[in-house]
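This report refers to the structure that appears directly beneath it.
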Amino acid sequence: MEVAELKKTHKLLSEWNYSWKALDKGYTDKILYVNVSDNQIKEKAVDPLMKEKFIGGRGYGLKLLWDATKPDTKWTDPENEINISSGPIGGITQYSGTGKSICVSISPQTNIPIDSNVGGFFGPFLKFSGFDAIEIQGKADKDVIIFIDGVNHKVEIFEAPYIDVQDSHVLGEVLTEMYADDERDKKNIGIVAAGAAADNSLIGMLNFTFYDPKRKLVRLKQAGRGGIGSVFRDKKIKAIVCKIPGVKGNLNNVVDLPAIMERGKRFNKEMRELDDSQAEMRTKGTAHLVNIMNDYDLLPVHNYKYGSHPDADKIHSEVWKTKFTQGIPDGCWIGCNMACAKGVDEFELKTGPYAGQKVIVDGPEYENAGGLGSNCGIFDADYIIESNFYCDTYGICTITWGTLMAFVMECYEAGILNKERTGGLELNFGNAEAAMECMHQLARGEGFGMIAGQGVHKMKQIFAEKGWGDPQFLQDIGMENKGLEYSEYVSKESLAQQGGFAMTNKGPQHDEAWLIFMDMVNNQIPTFEDKAEALHYFPMFRTWFGLMGLCKLPWNDVEPANNAETDEPAKVPEHVDNYVSIYKAVTGKDFDKKEMIRMSERVYNFQRIFNLRRGYGTRKYDAQPYRAAGPVTAEEYESRQERYDKQLKEIVGFDPETKTTAEKMAAMRKYRESQYEQLLDAVYKRRGWTSNGVPKIEHLKDLGMDLPELIEVVKDHQE
């Protein structure tokens, strides 16, 4: 059936017309509420207190979710929400990295709020259509499409029974063609969709489209973490489509556009002059990190056992440079000169339902090269590209899939799994064919793929209950915290990074703090107090990006030429000043870098209390798997024996000379676990929390977050 005919088959379930008004200083002060159970659509005003305390983006998503759910709401309950919001800076086109939005929901993997940031067109287009956020509740009986028509100012819900495609790369093309008036209009369409695997797993993610006018193709960016795509499909939402008249000028209606333009020109000059000698983001994207991580023993190999491998040259950044199409503007939002959304064009798929087809593959990013590749012992660039493509179109988080597959492979090699238990899949390290088939099984809803799609946390429980392995060993090697899989850096030699992963509110994700170089390489934060200060500042600073609609990469992946000469080069002070100036220029509010951190502290502490409200949010949930801190196996210890023996002798005060590997490992474990507990104490103190990790009432008062509903939750957890 032709696309035009498909559109005619849509069954209109609900239609709502609204009065549009231009943004004012980055805000609309309206929320679009949609309930797919009863097809209710309405507008909600943003409460002034919400705007003051929660700012936008992640803050709005969390506050709406708190108000809509109960402490025991399950992820499958109709009242669970998917909230998507940008922020006051989101959508401006005069500075790089302003196209982000944040998705928030109760996570299928963690049972606490998850926040996941994503690029693409939908977040800014939602704002330009007239809404600071979309709040989605309910569960439809049949697949529905939500259409936000920012041209004619109406919102519709359709049943679309004849659109039988589910996978994102196809669905994005079909819906863009369906809703665009012509070729030029395709750039005015933004779509949110999931994929076949999101129907069958806890690890589903959301794809946000952006139209690439040079390639004349629909491309994808991902809200990957925590299973929001699984919530999306559980609600029977096939897609959300947003259409606007176009992007031009000053749609955010900012107070001081020249100030933003001046900072934007300054940053663009840095990109032109410095990127090639610093990060090579415009030619390699984040994949430039592969060889750097391998050189510093930080690249995950064989489920984080090791930090480097001789075959890493096969997935070296220069390899990716030859794979990526060069010389094409690769920003996922208009006006971004970092252009890091690299693409592999005309890639011919070898496996799965699209075998033989030539497609564009977005990425791989560093995380995908490290997770899908080296962590699984697969040093094959074409395999990484193919698995990256299928993760995206099936709606699977690539970080989660890489980490869970590495766990599965170690379990297979340890005898916990075998061909009988995996349904014939020989899932040893390096077996690309079996790993790929496992993913296809998940998309088809069959076989061992369905077990893998539960994630590491659930697999540990399943394997232990079946008597397939020692629960302690499974706990030690299962790289998850709070139910979320680790992202792709080896943290063993960086105590600060161990905290940067396991002390996160949502689970171990590198978007809160990446302190490995400050801590391990440059020794800039040697004491517990130094580490605690870093684990206060950087998570709060990075939280601010998620309140504003900003991408992190323009902050520190290219730095001013004189940055190393500043007092705090890790903070990139000139770029911090850029953001302070831009916020003031958008909103007209008085603002400084101190208030930037306090803004984030309010939302960060709120999210911690949200976790507490749901039965989590205390010290025991910040525990880490031992593999994140040290060697679990003798093989692992002996691969770095000289390093570990020296540390035992010089740091721990334990003479390894006549000791067995088992004795040395026990001494190392006791020391490293003690170090982590001391780090927890220091960080909690710096953050204004109790020794059990709960925000203190006096700290909430100081932040202006002593809201009655928050005090009610924390009052019985004070020291």
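The values are calculated or read from the model by the stated rules, or taken from the named source; none is laboratory data. Bear in mind the structure is a predicted one, so any value in this text is a computation, not a measurement. Cβ sites come from the backbone with ideal geometry, for glycine too, and all protein chains shown count toward neighbours.
General observations
- Residue match in the stretch 263-271 (condition: farther than 22 Å from ASN562 by Cα and not β-branched (Val, Ile, Thr)): no
- Hey, ASP185 assigned by TED's automatic domain parsing to the domain that holds ILE134, assigned to a helix (DSSP H, G or I), of a type in the set (D, E, K, R) and under 19 Å from LYS238 (Cβ atoms) or not: no
- When the test is whether a residue is assigned to a loop (DSSP other than H, G, I, E, B), under 30 Å from SER317 (Cα atoms) and not assigned by TED's automatic domain parsing to the domain that holds LEU289, LYS214 passes it.
- Count - residues of the stretch 645-654 that are surrounded by fewer than 14 Cβ atoms within 10 Å (Cβ to Cβ) and β-branched (Val, Ile, Thr): 1
- In the stretch 318-330, the residues that are within 15 Å of ALA279 (Cα to Cα) form Cβ pairs under 7 Å with partners that are β-branched (Val, Ile, Thr), at six or more places apart or across chains, as follows: LYS321/THR283.
- Summed over the stretch 251-263, the residues that are in a loop (DSSP other than H, G, I, E, B) and under 16 Å from GLY97 (Cα atoms) give a count of 1.
- Complete set of residues in the stretch 422-455 that are over 19 Å from GLY371 (Cα atoms), polar (S, T, N, Q) and either in a loop (DSSP other than H, G, I, E, B) or in contact with a Pro (Cβ under 6 Å, 6 or more places away or on another chain) (or both): THR422
- Failed condition for LYS620, given (1) under 25 Å from SER107 (Cα atoms); (2) touching a residue at least 12 places away in the same chain (Cβ under 8 Å); (3) part of a helix (DSSP H, G or I); (4) not β-branched (Val, Ile, Thr): (2)
- Selected residue (criterion: farthest from CYS411 (Cα to Cα)) from residues of the stretch 432-446 that are without any contact (Cβ under 8 Å) to a residue 40 or more places away in the chain and crowded, with 18+ Cβ neighbours inside 10 Å: GLN441
- Just so you know, in the stretch 73-131 the residues that are part of a loop (DSSP other than H, G, I, E, B) and of a type in the set (A, V, I, L, M) include one that is farthest from GLY453 (Cα to Cα), and it is ILE92.
- Taken together, the criteria exclude LEU62 from residues that are modelled with pLDDT of 95 or more, closer than 30 Å to SER581 by Cα, of a type outside the set (D, E, K, R) and in a strand (DSSP E or B).
- Selection within the stretch 318-349 - over 19 Å from THR209 (Cβ atoms), of a type outside the set (Phe, Trp, Tyr) and surrounded by 17 or more Cβ atoms within 10 Å (Cβ to Cβ): VAL319, LYS323, ASN337, MET338, LEU349
- Looking across the stretch 704-714, just one residue is surrounded by fewer than 19 Cβ atoms within 10 Å (Cβ to Cβ), of a type outside the set (Gly, Ala, Ser) and within 23 Å of TYR537 (Cα to Cα), and that is ASP706.
- Number of the condition not met by ILE609 [criteria: (1) out of contact with any Phe, Trp or Tyr (no Cβ under 7 Å at 6 or more places or on another chain); (2) not in a helix (DSSP H, G or I)]: (2)
- Selection status of PRO113, over 28 Å from MET599 (Cβ atoms), within 20 Å of the chain's Cα centre (by Cα) and surrounded by 24 or more Cβ atoms within 10 Å (Cβ to Cβ): no
Let's see how each residue does on (1) in a loop (DSSP other than H, G, I, E, B); (2) under 30 Å from GLY455 (Cα atoms):
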{"position": "ILE136", "(1), (2)": "no, yes"}
{"position": "ASP141", "(1), (2)": "yes, yes"}
{"position": "ILE145", "(1), (2)": "no, yes"}
{"position": "ASP164", "(1), (2)": "yes, yes"}
{"position": "GLU177", "(1), (2)": "no, no"}
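- Among the residues listed as LYS419, LYS458, the single one being in a helix (DSSP H, G or I), of a type in the set (Lys, Arg) and either farther than 30 Å from GLN675 by Cα or assigned by TED's automatic domain parsing to the domain that holds ASN291 (or both): LYS458
Condition check ((1) assigned to a loop (DSSP other than H, G, I, E, B); (2) at positive phi) across all residues:
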{"position": "ASN303", "(1), (2)": "yes, yes"}
{"position": "GLN326", "(1), (2)": "yes, no"}
{"position": "ASN337", "(1), (2)": "yes, no"}
{"position": "PHE347", "(1), (2)": "no, no"}
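- Options GLU636, GLU574, GLU642; residue that is loosely packed, with under 15 Cβ neighbours inside 10 Å, over 22 Å from the mean Cα position of the chain (by Cα), part of a helix (DSSP H, G or I) and at pLDDT 95 or above: GLU642
- Subset of the stretch 5-23 (residues that are touching a residue at least 12 places away in the same chain (Cβ under 8 Å) and either assigned to a helix (DSSP H, G or I) or surrounded by 14 or more Cβ atoms within 10 Å (Cβ to Cβ) (or both)): LEU6, LYS7, HIS10, LEU13, SER14, GLU15, TRP16, TYR18, TRP20, LEU23
- Of the residues THR658, THR618, THR633, the single one that is in the same structural domain as LYS696 (by TED's automatic domain parsing) and closer than 30 Å to HIS699 by Cα is THR618.
- Residues in the stretch 264-296 that are β-branched (Val, Ile, Thr) and either part of a strand (DSSP E or B) or buried (at least 16 other Cβ atoms within 10 Å of the Cβ) (or both): THR283, THR286, VAL290.
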